[in-house]
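*Asks:* Structure in structure tokens, see below.
The values are calculated or read from the model by the stated rules, or taken from the named source; none is laboratory data. Model, not experiment: these values are computed from the prediction. Neighbour counts are summed over all protein chains in view; Cβ atoms, including those assigned to glycine, are modelled from backbone coordinates with ideal geometry. For the accessible areas, the whole protein counts, side chains as well, though only heavy atoms, and no ligand, DNA or RNA atoms are used. Shrake-Rupley method; radii C 1.70, N 1.55, O 1.52, S 1.80 Å.
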Amino acid sequence: MSTRVGLTTAPATTPRRAWVALAVLMLPVLLIAIDNTVLAFALPMIAEEFRPSASVQLWIVDVYSLVLAALLVAMGSLGDRVGRRRLLMIGATGFAVVSAAAAFAPSAEYLVAARATLGVFGAMLMPATLSLIRNIFVDASARRLAIAIWASCFTAGSTLGPIVGGALLEHFHWGSVFLVAVPILLPLLILAPRLVPESRDPHPGPLDPISVVLSLAAMLPFVWAIKVAAHDGLSVVVALAFALGVAAGTAFVRRQNRSATPMLDMKLFTYGPFSSSVLANFLSIVGLIGFVFFASQHLQLVLGLSPLAAGLVTLPGAVVSMIAGIGVVKLAKYFAPQTLIITGLVFVSIGFLLILLFRHDLTVAAVVASFVVLELGVGISQTMSNDTIVASVPPAKAGAASAVSETAYELGAVVGTATLGTIFTAFYRANVVVPAGVPAAQAADAAESIGGASSVAATLPQPVGEQLLESARLAFDSGIAPTAVIGATLTLIAAVVVGMAFRKP
């Protein structure tokens, strides 16, 4: 007995076999999510060992997401053509091998190259998992639950990253945060060929190298420009990168519209539920990542928590997000998808407004309460928006649709850090007061960021150091109000767009 899935013949997928296959597919999802956040905690130890310049440190952190975001659309289309399980296996093998190599990097430059290569293999993993779920679970209710579990694992991994990183770095070398990939991916490499059915587009058409190059030329400079502008401000080079990205993106869209077998069917974006769900996905992640960027620094540098303790503060929110993401599947039987997506986005906005309400006394309890409400909204909206995105296309095109969903997530993470992080930085620089008598070089570091002020304060006499720290903390928290208002406004705009888009035929 066999079932046709795309072009290949796969074993019949019983309900039990489908859920076991899902469990296997959650391993790379968990890993990618952990990898997104765990390195930030290892960076101080890496910097101490290699003494890299500030720009090299930035590349160690950013190059992974930069390459990942740039390749998602190309890899999603490639999976539709060569087989999603095959691409998943290639990605998992490469990710495990390169992670082991990165753990023993002899230099900072070697580590940058390893992180870039991890981005290539990571881009193979994410669209493949979501598109395989789309093809394994044909029933709408089962598919929605599977996607809820997929999104919950991503949330769990993002939260576990700081906790796992903090625990490992208290006992082991910084390379241990990379070695985590090997035991997570090994079961996938053994079990996936037996449990996960292969699937691909039965009529994919030839791979279009020009479209692949154009997609890279659109995403790479665009994402790079956002990151650099957030860190160093606008410049001629940044403006040229933006222009290059827009020009390449325009050429990509035109080529897809003219192609009989496009790499990405642009007509999907004329379908309101699809495009508005992508927007909801994007803006909810902008809010989440922007919140995490602020909260992690506030908890450690303003409230004085350790990295591990700060990571544990985010745990209740992550648990709520997972419960909400899975629980909303039952509500989907009684409420329309747009109603649930809008409800989730409204909760995200309320989370920001709670931060605004507590801004003058932002204790650990206040951060936890705000984060729980925000994550409740993210869990609801992410499950329903991802389900709408992949359900909007036939199973044969699931890879490309999954890649769009993942690209929205990655861009949301980049833009959330860049825009909301830049707002905090601007308000900090405008309001911090460096005490008189601090040497010029140290004063410049203290005026740059709250992290710089904390480092400088540790080298100063106690009264002066305390004075600098108090000013830095107040200056950092001065960015709370405008950031909260912007975050709440963006998600409410997304809710309005979803409501209007679903009404159109």
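*Asks:* For the chain, what does -39500 (n - 2.57) per DSSP helix run (n ≥ 4), summed and divided by total residues, give at 222 nm, in deg cm²/dmol to the nearest 500?
*Replies:* Taking each H run of at least 4 residues, the total per residue is -27000 deg cm²/dmol.
*Asks:* Starting at 0 and stepping by 20 Å, how many percent of the alpha carbon pairs of the chain end up in each bin?
*Replies:* Over the chain, the share of Cα pairs per 20 Å bin runs 23, 58, 18, 1, 0 percent.
*Asks:* When the accessible area of region 262-310 is computed with all protein chains present and a 1.4 Å probe, what percentage of it is carbon and sulfur?
*Replies:* 70 percent
*Asks:* Hey, any idea what % of region 110-164's accessible area is carbon plus sulfur with a 1.4 Å probe?
*Replies:* 73 percent
*Asks:* Let me check the size of region 207-265 from its C-alpha atoms; what are the radius of gyration and Dmax in Å?
*Replies:* 13.1, 43
*Asks:* Normalized C-alpha radius of gyration of region 87-202, against 2.2 N^0.38 Å?
*Replies:* Working it through for region 87-202, the quotient is 1.20.
*Asks:* Moving on to the next point. Using only C-alpha atoms and all pairs of different ones, pull out the Kirkwood radius for region 120-177 in Å with one decimal.
*Replies:* 13.5 Å
*Asks:* Something else: If you take every residue apart from Arg194 with its C-beta less than 15 Å away from the C-beta of Arg194, what net charge results, scoring Lys and Arg +1 and Asp and Glu -1?
*Replies:* My count for the surroundings of Arg194 gives +3.
*Asks:* Also: For region 445-488, what is the convex hull (Cα atoms) projected area averaged across all directions, in square nanometres?
*Replies:* Average projection, Cα convex hull of region 445-488: 3.0 nm².
*Asks:* Under 13 Å from the Cβ of Ile323, count the other residues' Cβ atoms, weight Lys and Arg +1, Asp and Glu -1, and hand me the total.
*Replies:* 0
*Asks:* Of the accessible area of region 376-505, with the probe set at 1.4 angstrom, what percent is carbon plus sulfur?
*Replies:* Result for region 376-505: 67 percent of the exposed heavy-atom area is carbon or sulfur.
*Asks:* If packing is taken as the average count of other Cβ atoms within 10 Å, what order do 363-376, 258-271 fall into, highest mean first?
*Replies:* Result, highest mean Cβ count within 10 Å first: 363-376, 258-271.
*Asks:* Give the whole-number value, in cubic angstrom per residue, of the convex hull volume spanned by the C-alpha atoms of region 307-424.
*Replies:* So the per-residue Cα hull volume is 126 Å³.
*Asks:* Turning to a different aspect of this structure: Per residue, how much accessible area does region 21-128 have with a 1.4 Å probe, in Å²?
*Replies:* Value returned for region 21-128: 31 Å² of accessible area per residue.
*Asks:* When N counts the residues of region 217-343, how does its alpha-carbon radius of gyration compare numerically with 2.2 N^0.38 Å, as a ratio?
*Replies:* 1.45
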